[in-house]
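Since every read-out is calculated from the coordinates, none of them should be taken as a lab result. Bear in mind the structure is a predicted one, so any value in this text is a computation, not a measurement. Quick reminder, even Gly has a Cβ in these numbers, built from the backbone with ideal geometry, and neighbours come from all protein chains shown.
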C-alpha cells in the first residue's frame with residue numbers, strides 16, 4: 001500500500017505556547033476552576049432534568065428506535081454536564097446506560113426497567129451528601145450493583161471501571 | 001474554534017479555555033457552519049464534539065484533513081466525546097484527529113491535552129482512506145531527559 005508522508009510544520013498553536021509571557025499552569029487551572037464553579041448549579045439542573053426525562057413515562061406509540069435515541073441523548077447529556085465537576089460515579093452510571101442503549105435491538109425488546117434502575121441510581125448518587133456518614137459505602141454499593149447489571153446484560157462490552 | 005451542538009457543553013469548554021487564557025474566536029453549534037469557517041479563516045486549534053446532528057465530529061475532521069490546500073488541514077484537533085457508540089470506535093480512530101478525549105475529563109486534563117497536541121510533531125500520513133497524524137506510538141523507553149509533563153507527574157506520583 002502506498003504511504004504518503006507529509007512532514008508537519010510547527011503549528012501556530014505551538015508557536016503561541018512557546019511565546020514568552022502568559023500565565024503559569026497553576027494560575028490557569030485556578031482560573032478555569034473558578035469559571036467552571038460558577039456553572040455548577042446550572043450543570044446540576046441539567047443533570048436533574050435529564051434524569052427526570054429518563055424516569056418519565058414514554059409517549060404512547062413512540063417507535064422503539066426513537067425512544068432509544070432519546071434516552072441515549074439524555075444519558076449523554078448527563079455525562080456532558082457532570083464531566084468537569086468530578087462527579088465520576090454519575091458519569092460511570094450514565095456511560096453504562098449509554099453502553100446498554102447502544103447495544104439494544106433497534107426493532108424492540110430492550111428491557112426498559114434497566115434504564116429506570118440506572119436513572120434512579122443516578123438520582124440517588126446526585127442526592128448523596130459527599131461527607132455524610134455512610135455516603136462512601138452507599139456509593140460503592142450502588143456502583144457495584146450497576147456494574148453487575150452491565151456485566152449480565154452486556155457481557156462482551158468493555159466495562160467502565162467502578 | 002470550539003464546535004459542540006450542546007450550548008451548555010460549549011459554555012463549559014469556553015469557560016475552561018478562558019481560564020487558560022485562550023479566547024476561542026469561533027464557538028459554533030453546527031458542523032456545517034464550522035466547515036464554512038474552516039474554509040475561510042485560519043484556526044489554531046479545533047476542539048470538536050463527536051456527536052452532532054448534521055455533520056458530526058468524525059465527518060468534519062475527515063473532511064478537514066482532506067481539505068488541502070486549505071492551511072487548516074493540518075490544524076491540531078482534539079475530539080471530545082461523552083460516549084462513543086461501539087459501531088463508531090473505528091471512525092474515532094480513523095478520522096484523523098490528534099487526540100480523542102472521552103468524558104469525564106477535568107480542566108487539568110484538557111490543558112494537558114492542548115499542550116500535548118501543540119507539541120505533537122508526528123508527520124501526517126496518507127494511507128488508503130486515512131489521512132492524519134501517524135497513529136503509531138513508540139512503546140520503548142526514550143533515551144534522554146524526560147520533559148513530558150504527564151510522564152514527570154506519573155513518575156512523581158509513583159515515588160510519593
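Could you calculate the FRET efficiency of residue A:124 with residue B:142 from 1/(1 + (r/R0)^6), where r is the beta carbon distance between them and R0 is 51 Å, rounded to 0.05? Kindly include the intermediate steps, with their values, before the conclusion.
Details: r = 46 Å, r/R0 = 0.90.
E between residue A:124 and residue B:142, to the nearest 0.05, is 0.65.
Mind listing the Cα extents of chain B along all three principal axes, in Å, largest one first?
That works out to 48, 38, 33 Å along the principal axes.
How far apart, in nm, are the 7 Å Cα→Cβ label points at residue A:1 and residue A:25?
Spacing of the two 7 Å Cα→Cβ label points: 3.6 nm.
Taking Cα centroids, how far is region A:59-94 from region B:86-111 in Å?
Value for the Cα centre distance between the two parts: 18 Å.
When the chain is fully extended, how far beyond the present Cα-Cα distance does residue A:86 get from residue A:12, taking 0.36 nm per residue of separation? Could you put the intermediate results ahead of the total?
Details: separation 74, 0.36 × 74 = 26.64 nm, distance 3.19 nm.
Length difference between fully extended and current span is 23.4 nm.
Taking R0 as 25 Å, what's the FRET efficiency between residue B:23 and residue A:34 from their Cβ-Cβ distance, rounded to 0.05?
Details: r = 16 Å, r/R0 = 0.64.
Efficiency, rounded to the nearest 0.05: 0.95.
Would region A:1-94 count as rounded, prolate or oblate if I go by the C-alpha gyration tensor, calling it rounded below 1.5 in a/c and otherwise prolate when a/b exceeds b/c, oblate otherwise?
Details: a/c = 4.08, a/b = 1.53, b/c = 2.67.
Judged from the Cα gyration tensor, region A:1-94 comes out oblate (a/c at least 1.5, b/c at or above a/b).
Over all residues in B:13-19, what is the mean tally of Cβ atoms on other chains that come within 10 Å of each residue's Cβ? Before the final figure, lay out each step's value.
Numbers: counts 3, 1, 10, 9, 3, 4, 11.
Mean shielding count: 6.
Let me confirm one metric for peptide A:76-87, namely the mean number of other chain beta-carbon atoms within 10 Å of its residues' beta-carbons. Don't skip to the answer; put the middle values down first.
On the way: counts 8, 4, 1, 7, 13, 6, 3, 12, 12, 3, 2, 1.
Per residue, the number of nearby Cβ atoms from other chains is 6 on average.
Hey, what number do you get for the protein assembly as shown at 222 nm if only DSSP H runs of n ≥ 4 count, each worth -39500 (n - 2.57), divided across all residues, to the nearest 500? Could the numbers behind the result be given before it?
Values: 13 runs with 168 residues, N = 322.
When only DSSP H runs of four or more count, the value is -16500 deg cm²/dmol.
Ranked highest first by the average count of other Cβ atoms within 10 Å around their residues, in what order do A:132-143, A:14-25, B:99-110 fall? Don't skip to the end; give the middle numbers.
On the way: A:132-143: 12.7, A:14-25: 11.1, B:99-110: 18.4.
In descending order of packing, they fall as B:99-110, A:132-143, A:14-25.
Want the number for residue B:33 to residue B:135: 0.36 nm per residue separation, take away the alpha-carbon distance, what's left? Mind dumping the intermediate values first?
Numbers: separation 102, 0.36 × 102 = 36.72 nm, distance 2.84 nm.
Length gained, residue B:33 through residue B:135: 33.9 nm.
By the gyration tensor of its Cα atoms, with a ≥ b ≥ c the square roots of the eigenvalues, what is the shape of region B:92-160: rounded for a/c under 1.5, prolate for a/b over b/c, or oblate?
On the way: a/c = 2.49, a/b = 1.47, b/c = 1.69.
Here region B:92-160 falls in the oblate category.
What is the antiparallel percent of DSSP beta bridges lying wholly in chain B, to the nearest 5? Could you put the intermediate results ahead of the total?
Numbers: 4 of 16 bridges.
If I count the DSSP bridges inside chain B, around 25 percent turn out antiparallel.
Could you check the simple spin-label distance between residue B:99 and residue A:152, using points 7 Å along Cα→Cβ, in nm with one decimal?
4.0 nm
Set the Förster radius R0 to 30 Å, insert the Cβ-Cβ distance between residue A:145 and residue A:59 as r into 1/(1 + (r/R0)^6), and round the FRET efficiency to 0.05. Intermediate results must be reported in sequence, preceding the final value.
On the way: r = 29 Å, r/R0 = 0.97.
That pair, residue A:145 with residue A:59, gives E of 0.55.
What does DSSP give for the protein assembly as shown in terms of the percent of beta bridges that are antiparallel, rounded to the nearest 5? Intermediate values should be presented prior to the final figure.
Numbers: 8 of 20 bridges.
If I count the DSSP bridges inside the protein assembly as shown, around 40 percent turn out antiparallel.
How many Cβ atoms of partner chains, on average, are near each residue of A:3-9 if near means within 10 Å of its Cβ? Please report the intermediate quantities before stating the final value.
Numbers: counts 6, 5, 6, 10, 3, 9, 3.
Counting Cβ atoms of other protein chains within 10 Å of each residue's Cβ and averaging gives 6.
Need one word for chain A: rounded, prolate or oblate. Basis is the Cα gyration tensor (sqrt eigenvalues a ≥ b ≥ c); a/c below 1.5 gives rounded, then a/b vs b/c decides.
Numbers: a/c = 2.12, a/b = 1.40, b/c = 1.52.
Oblate is the answer for chain A, as a/c is 1.5 or above yet b/c matches or exceeds a/b.
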